[in-house]
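*Asks:* Quick one: this structure, given as structure tokens, is what I'll be asking you about.
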Amino acid sequence: MTLVGINWFKYSSPASFYPLAGRLVPWFFILAVALALVGLYLGLFVAPTDYKQGEAYRIMFIHVPAAWMSMFIYVVMAIYAALGLVFNTRLSAMMASALAPTGALFTLLALWTGALWGKPMWGAWWVWDARLTSELILLFLYIGFMSLEAAIDDARRASRASALVAIVGAVNVPIIYFSVQWWNTLHQGASISFSNAPSMAATMLTAMLVMTFAFWMYTIAVVLMRVRCIILERERHSDWVAEQMAAGR
Amino acid sequence: MWAVLRCLFMRDLLLAVRRMADVLTTLFFFVIVVSLFPLGVGPEAETLRTIAPGVVWVAALLASMLALGHLFDSDFRDGTLEQMLLTPQPLSLLVLGKVMAHWVVTGLPLVLMAPLLGLQFDMAPAALPILVISLLLGTPAISLIGAVGAALTLGVRGGSVLVSLLVLPLYIPVLIFGAGAVEAGISGLGAGAHLSLLGAILVLALCFAPLAAATALRISLE
Amino acid sequence: MLRVSGLAAVRGDRRLFAGLEFSLQQGALLYVRGPNGSGKTTLLRMLCGLVAPAAGEICWRGEAIRGRCETYLQQLFYLGHLGALKDELTGIENLRISASLAGREVSEEQALEALQGMGLVACEDLPVKFLSQGQKRRVALARLLLSDAALWILDEPFTALDQLAIERLQTVMAAHLARGGIVVLTTHQEVAITAAVMQVTLGIRRA
């Protein structure tokens, strides 16, 4: 199957994906840094001061994109996991394993920046707001995925088992999110809520979107690097890896 | 087809009867955990009354989760699980039979014990039936969801701790609606909505958990 | 009846075997040999459909087993290293329950007869955990007498058996082969059967 002269299925084998990934990594890093600089400039200097929250709200430009990325990465991870489980493709399973640590990192970043925002806002380092609590549960799901994979010695069984965990988790995420929303609105008034964020000025939204793209590019770059390591590790008995090692790459 | 489910269900009940210790340890764990809270929080009646639904529910979750180790482990170790994978019967049906027996042996005692523990915390008597119903709907869902985790961690090092890591996030909706039902009952808001949602989760679990657990068993026995 | 082509197995990182081919007709006995760790148990479990092969195909009566699992499993009997017996149940209860799980009804008399057929007397009512290793093995093998499967896959069936039990099992296997069944087995002992005996030896490095 050729599309625009490229044979897409060629890259579904670890051996041919490895060099491609290596060539793409620097470009994505450059894009990530460039977008991050633009986004931070917009967020820190251009966007207006919020009349209610002062300057402290600017942490939102990291918190919200990180939260979005953490959820997005989980979905992509679950999709790769499902592909690996159903079609038995090794590279899909490797991509799922490569995505997990970055997703967990963004979840941690979202939680940490959420705490930093909460302190000047409400005087507490942690609030049991629906979104922060959902992020915390998402972190548990990521950690469960990574722990299961680490605990099983046989690589094939490990990736298939953790794939099932990812899929079951993905199916449950809407249920968990809904139930946490329910729990939150019943127990507290709407006073403490991140959804009471300042109404968005256009520049604020632009800055957040730019930061989101910056994180996205960073994710792709880092995941490509990580998947290269995973490919080398899991395919270490094949001939092409031996050649790579001999050539010193 | 249903004859096989009944056969496996009766077999597991028979095995539980001959190995009573497993049944009783889960129940005693439940009682002990619930009794720890007043010791940690202080014996003021008002505080205890407020935290009672949550405490009973969390303890039930933990006790159920601890019992998950018994679900597939012994069958795995003596080779009967392998034979179950080799029968022409659908594996999800066999899993359902095992989980049902497991619930009767570990979950049902918790449901029956809960009112006594509620009284220990001076819960309003009107709330006790709601507590029982919420646990009656919630504990089977917990057993079903937990079966998936138990199947995934068969024979893995540190399996029991790993199961809790995998399965506790998935229990959270059940916990929220279950404890919420009791609190709604106490405050007079009516527990109908919570209990319906619990019922919905149970139905979803009945439909999908046996399939997921069967897939997990095939993965674990490769 | 049973045909295997181009079969390859990978366990963890090691490639156990590749390019395995054989074909078994009715009344054939396949003797799988090889040193420890050469993949004999893996091959047997692949034939059962428990493990997916890394490459190749297994066909029963012309159809790949992956697609037609139920019909294949109905004609399959597998005895692995573990005896598949519940310790707390008696021999008779174990036999009746494993028959029900396979979809057959077995009465108490039939179960008793099967146990006696394997030479077990006077311990049918004891929970299996009180029996010796050899007796447990006999109970596990008694399942053979109650099964009407055409294909028997036995992983080291002679372990822990005394001479009398070994001869009994050999008689049972011979009868099965005479009826047109197929037996695939691994063992470290010599099997005395007068039937079409094929051998497959694993663990040989091809130049």
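Computed from the coordinates by the stated procedures, all read-outs in this text should not be read as laboratory data. What you see is a predicted model, and the numbers here were worked out from it, not measured in a lab. For neighbour counting, all protein chains shown are included, and Cβ atoms are generated from backbone atoms with ideal geometry for every residue, glycine included.
*Asks:* Starting from the Cα of C:ARG104, step 7 Å along the direction of its Cβ; do the same at A:ALA201; then give the gap between the two resulting points in nm.
*Replies:* 8.2
*Asks:* How would you rank B:GLU46, A:GLU235, C:GLU63, going from fewest to most other Cβ atoms within 10 Å of each one's own Cβ?
*Replies:* Numbers: B:GLU46 8, A:GLU235 19, C:GLU63 11.
The order, fewest Cβ neighbours first, is B:GLU46, C:GLU63, A:GLU235.
*Asks:* Ordered by residue, what ³J(HN,Hα) values in Hz, to whole numbers, does segment B:123-136 give under the Karplus form 6.51 cos²θ - 1.76 cosθ + 1.60, where θ = phi - 60° and Gly and Pro are x?
*Replies:* With the stated coefficients, segment B:123-136 comes to 6, 4, x, 5, 7, 5, x, 5, 4, 5, 5, 5, 5, 4 Hz.
*Asks:* Calculate one ³J(HN,Hα) per residue across segment B:152-164 by plugging θ = phi - 60° into the Karplus curve 6.51 cos²θ - 1.76 cosθ + 1.60, and present them in order as whole Hz with x for glycine and proline.
*Replies:* Once rounded to whole Hz, the list reads 6, 9, 4, x, 8, 4, x, x, 5, 5, 5, 4, 5.
*Asks:* Go from 0 up to the bin containing the longest alpha carbon distance in segment C:87-147, width 5 Å each, and give me the % of pairs per bin.
*Replies:* 4, 23, 36, 25, 10, 2
*Asks:* One quarter of the convex hull surface, Cα atoms only: what value does that give for segment A:47-127 in nm²?
*Replies:* Mean shadow area of the hull around the Cα atoms is 6.3 nm².
*Asks:* Once you put a point 7 Å from the Cα of C:ARG61 and another 7 Å from the Cα of A:TRP112, both along the Cβ direction, what distance in nm separates them?
*Replies:* Each label point is offset 7 Å from its Cα along the Cβ direction, giving 6.3 nm.
*Asks:* Which ordering of C:VAL51, A:VAL168 is given by a fewest-first count of other beta-carbon atoms within 10 Å?
*Replies:* Numbers: C:VAL51 17, A:VAL168 25.
Fewest-to-most ranking of C:VAL51, A:VAL168: C:VAL51, A:VAL168.
*Asks:* Local charge sum around C:GLY12 (other residues, Cβ-Cβ under 9 Å, Lys/Arg +1, Asp/Glu -1)?
*Replies:* Numbers: positive: A:ARG156, C:ARG11, C:ARG14; negative: A:ASP153, A:ASP154, C:ASP13.
Around C:GLY12, the surrounding residues sum to 0.
*Asks:* Please arrange B:PHE177, A:PHE140 by how many other C-beta atoms lie within 10 Å of their C-beta, fewest to most. Please report the intermediate quantities before stating the final value.
*Replies:* Details: B:PHE177 28, A:PHE140 19.
By the 10 Å Cβ count, ascending: A:PHE140, B:PHE177.
*Asks:* Given 4 °C and 1.567 mPa s, compute D for chain A with the Stokes-Einstein relation, Rh being the Kirkwood radius over Cα pairs; round to the nearest whole µm²/s. Please report the intermediate quantities before stating the final value.
*Replies:* Numbers: Rh = 19.9 Å.
Translational D for this selection: 65 µm²/s.
*Asks:* Still on this structure: If you take every DSSP beta bridge fully contained in the protein assembly as shown, what fraction is antiparallel? Give it as a percent rounded to 5.
*Replies:* On the way: 18 of 37 bridges.
Bridges in the protein assembly as shown are about 50 percent antiparallel.
*Asks:* So if we plug the beta-carbon distance of C:GLU70 and B:LEU112 into 1/(1 + (r/R0)^6) with R0 = 35 Å, what FRET efficiency do we get, rounded to 0.05? All intermediate terms of the calculation are to be shown ahead of the outcome.
*Replies:* Numbers: r = 40 Å, r/R0 = 1.14.
Between C:GLU70 and B:LEU112 the formula returns 0.30.
*Asks:* Between B:LEU189 and C:SER132, what is the label-to-label distance in nm when each label sits 7 Å out along the Cα-to-Cβ direction?
*Replies:* 6.9
*Asks:* For chain B, what relative contact order do you get, as a whole percent, if you take Cα pairs closer than 8 Å and at least 6 residues apart? Let's see the in-between values first.
*Replies:* Values: 252 pairs, mean separation 57.5, N = 222.
With pairs under 8 Å counted, the relative contact order is 26 percent.
*Asks:* To the nearest 0.05, how large is the calculated FRET efficiency for B:ALA124 and A:VAL86 if R₀ is 45 Å and r is the Cβ-Cβ distance?
*Replies:* Working: r = 51 Å, r/R0 = 1.13.
The pair B:ALA124/A:VAL86 has a calculated efficiency of 0.30.
*Asks:* Taking each pair of distinct Cα atoms in chain B once, what is the resulting Kirkwood hydrodynamic radius in Å? Let's see the in-between values first.
*Replies:* Working: mean 1/r = 0.0559 Å⁻¹.
About 17.9 Å for chain B.
*Asks:* Express the relative contact order of segment C:70-141 as a whole percentage, based on alpha carbon pairs under 8 Å and six or more residues apart in sequence.
*Replies:* Numbers: 63 pairs, mean separation 28.3, N = 72.
Rounded, it is 39 percent for segment C:70-141.
*Asks:* Just from its helices, what would the mean residue ellipticity at 222 nm be for chain C, if runs of 4 or more DSSP H residues each count -39500 (n - 2.57) and the sum is divided by every residue, rounded to the nearest 500 deg cm²/dmol? Intermediate values should be presented prior to the final figure.
*Replies:* Numbers: 6 runs with 66 residues, N = 207.
Result for chain C: -9500 deg cm²/dmol, rounded to the nearest 500.
*Asks:* Next question. Taking only the alpha carbons of segment C:17-112, what extent do you get along each of the three principal axes, in Å, biggest first?
*Replies:* 46, 32, 25
*Asks:* Here is a follow-up. Across bins of 10 angstrom width beginning at 0, how are the C-alpha pair distances of segment B:128-209 distributed, in whole percent?
*Replies:* Percent of pairs per bin, in order: 20, 43, 26, 10, 2.
*Asks:* Let me ask you something else. Mind listing the phi-derived Karplus ³J(HN,Hα) values for segment A:90-98, rounded to whole Hz, using 6.51, -1.76 and 1.60 with θ = phi - 60°, and x for any glycine or proline?
*Replies:* Taking θ as phi minus 60°, the curve returns 5, 5, 4, 4, 5, 5, 4, 5, 6 Hz for segment A:90-98.
*Asks:* Next question. In units of 2.2 N^0.38 Å, what is the alpha-carbon radius of gyration of chain C? Provide the component values of the computation, followed by the final result.
*Replies:* Working: Rg = 17.2 Å, N = 207, 2.2 N^0.38 = 16.7 Å.
Taking N as the residue count of chain C, the ratio is 1.03.
*Asks:* Another question, then. What FRET efficiency, computed as 1/(1 + (r/R0)^6) with R0 = 60 Å and r the Cβ-Cβ distance, is obtained for A:TYR41 and C:GLN199, rounded to the nearest 0.05? Could the numbers behind the result be given before it?
*Replies:* Details: r = 76 Å, r/R0 = 1.27.
Taking R0 as 60 Å, the efficiency between A:TYR41 and C:GLN199 is 0.20.
*Asks:* Taking Cα pairs under 8 Å and at least six residues apart, what relative contact order does segment C:18-135 come out at, in percent?
*Replies:* Dividing the mean separation by the residue count of segment C:18-135 yields 18 percent.
*Asks:* While we're on this one: Please list the non-local residues whose amide H lies under 5 Å from the amide H of C:PHE17, H modeled 1.01 Å from N, same-chain partners needing a gap of 5 or more.
*Replies:* For C:PHE17, whose amide H was placed from the backbone, the distant partners under 5 Å are C:ALA9.
*Asks:* So, one more: Do me a favour and compute the ellipsoid semi-axes for the protein assembly as shown from its Cα gyration tensor, root of five times each eigenvalue, largest one first, whole Å. Please report the intermediate quantities before stating the final value.
*Replies:* Numbers: eigenvalues 534, 281, 57 Å².
The three semi-axes for the protein assembly as shown are 52, 38, 17 Å.
*Asks:* Under 5 Å between amide hydrogens, which residues at least 5 positions from C:VAL200 or on another chain qualify, with H placed 1.01 Å from N in the peptide plane?
*Replies:* C:TYR31, C:VAL32, C:ARG33
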